[in-house]
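Below is one structure; the comments refer to it alone.
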Amino acid sequence: MSIASQNKWLIGTASAVLIGAATLWEGVKYVPYYDVGGIPTVCMGYTGPGVVPGKRYSHQECTKLLKQELVEHGNGVLSCISKPMKENEYNAFTLMAYNIGVKGFCGSQTAKQFNAGNTQLACNLIAFDYKGNPNWSYVGGKFYKGLHNRRLYERSMCLGDSNVYKS
């Protein structure tokens, strides 16, 4: 059985956790707005081509967009991870990819170190660089405490801290 097949079950099992975590960090806004990076955004952080300026989205539309995006980003994570993952690792990596993009995740040291078998280092690199500085917590060169808090949450999730599921 391939690694992709072994990991495929994660997509279905993780959806409720990921929906809750994405909603926690993104919040819910039914009218499009520009995020701190100037990207049109709506619902629970959706930034895709379906963002229609001025449109008011329903809760059902937002939930549907989020589920689609989580499956897409989860598949993206699976495309660049070459070893089996635990559910908590998949959840953390998918939540990270939902925020920084699949390309950003797949090109990250987090993905590279995980594939090399350095799981704890990979999880730590979600929130801190090799020198211990905040990682993935900047937009346009500016540090955002909220982004860093999210990275700390994802790091804890990746490391298997059960307390993150009680947030």
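Laboratory data are not the source of any read-out in this text; all were calculated from the coordinates shown. Since the model is a prediction, treat every value here as computed from it, not as a measurement. Every residue, glycine as well, gets a Cβ built from its backbone with ideal geometry; the counts of neighbours run over all protein chains shown.
For the peptides 84-90, 130-136, 41-47, residues were scored by their other Cβ atoms within 10 Å and the scores averaged per peptide; the highest-first order is 41-47, 84-90, 130-136. Between the C-alpha center of segment 102-167 and that of segment 76-95 there is a gap of 13 Å. Taking other C-beta atoms within 10 Å as the exposure proxy, 144, 33 rank 33, 144 from fewest upward. Computed from the Kirkwood radius of its Cα pairs, the Stokes-Einstein diffusion coefficient for segment 92-167 at 10 °C and 1.306 mPa s stands at 129 µm²/s.
Shape analysis of segment 72-118 based on the Cα gyration tensor places the equivalent ellipsoid semi-axes at 14, 12, 9 Å, largest first. Label separation (residue 39 vs residue 72): 1.1 nm, computed from points 7 Å beyond Cα along the C-beta direction. When the alpha carbon gyration tensor of segment 14-103 is reduced to an equivalent ellipsoid, its three semi-axes come out at 24, 13, 10 angstrom, largest first. One decimal place: the segment residue 152-residue 112 gains 12.5 nm when fully extended, by the rule 0.36 nm per residue minus the C-alpha distance.
Arranged from fewest to most other beta-carbon atoms within 10 Å of their beta carbon, 52, 71 become 52, 71.
As a rough footprinting exposure proxy, the listed residues 126, 100, 39, 81 were ranked by other beta carbons within 10 Å of their own, and the order from fewest upward is 39, 100, 81, 126. Pairs with C-alpha atoms separated by more than 31 Å, drawn from the list 112/142; 55/83; 29/142, are 55/83. Taking each DSSP H run with n ≥ 4 as -39500 (n - 2.57) and averaging over every residue of the chain yields -16500 deg cm²/dmol at 222 nm. With K and R counted +1 and D and E -1, the other residues having a Cβ less than 14 Å from that of residue 134 yield a net charge of +4. Spread over its residues, the convex hull of the C-alpha atoms of the chain is 110 Å³ per residue.
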